[in-house]
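FYI, it's all coordinate maths here, none of it is from the lab. All of these numbers come straight from a predicted model, not from anything done at the bench. Cβ: placed from backbone, ideal geometry, glycine included. Neighbour counts: every protein chain shown.
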Amino acid sequence: MQLTLRVDTGDGPQEVTTNLWAIVAWERKYKTKASKMAEGLGMEDLAYLAFEASKANKITVPAVFDDYLRRIISLDVVASDDRPTDEAPDDAS
């Protein structure tokens, strides 16, 4: 899953896109699997993904997540790419 997030921390909105690193960092922090994202993400989840994606995109953020979280004015999901897998071919075909 790849998300494009629009986050404004007071310096104007910026769009960041999650990558594998951001997703794995989220899995490690919250001790869950990316497959659970389909059940829904909370605002803290989105903020953490924006935090990691911002760092990956060389956007300066506070070293501590909670300090970053305090600065967020708005946070929105702009796009998501669920990248569904194709059904396995049927041997009968």
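Given points 7 Å out from each Cα along the Cα-Cβ axis, report the Ala34 to Asn19 separation in nanometres with one decimal.
Result for the modelled spin labels: 1.3 nm.
Can you give me the Cα centroid spacing of the stretch 57-77 and the stretch 1-53 in angstrom?
Comparing the Cα centres of the stretch 57-77 and the stretch 1-53, I get a distance of 11 Å.
Normalised by the number of residues in the stretch 2-64, what is the relative contact order in percent for Cα pairs under 8 Å and 6+ residues apart?
Across the stretch 2-64, relative contact order equals 32 percent.
Cα gyration tensor of the chain, axes a ≥ b ≥ c as square roots of the eigenvalues: rounded (a/c below 1.5), prolate (a/b > b/c) or oblate?
prolate
With springs only between Cα atoms under 10 Å, which of Ala34, Ala25, Ala53 fluctuates most in a Gaussian network model of the chain?
Among Ala34, Ala25, Ala53, the largest GNM mean-square fluctuation belongs to Ala34.
Using a Gaussian network model on the chain with a 10 Å cutoff between Cα atoms, which of Ser74, Ser35, Ser54 fluctuates the most?
Ser35
When Lys and Arg each count +1 and Asp and Glu each count -1, what net charge do the other residues less than 10 Å away from Ile73, Cβ to Cβ, add up to?
-1
With runs of 4+ DSSP H residues as the only contributors, calculate the mean residue ellipticity of the chain at 222 nm using -39,500 (n - 2.57) per run, divided by the residue total and rounded to the nearest 500.
Rounded to the nearest 500, the figure is -10500 deg cm²/dmol.
Note down the nm distance, to one decimal, between modelled labels 7 Å out along Cα→Cβ at Arg71 and at Asp45.
Result for the modelled spin labels: 2.5 nm.
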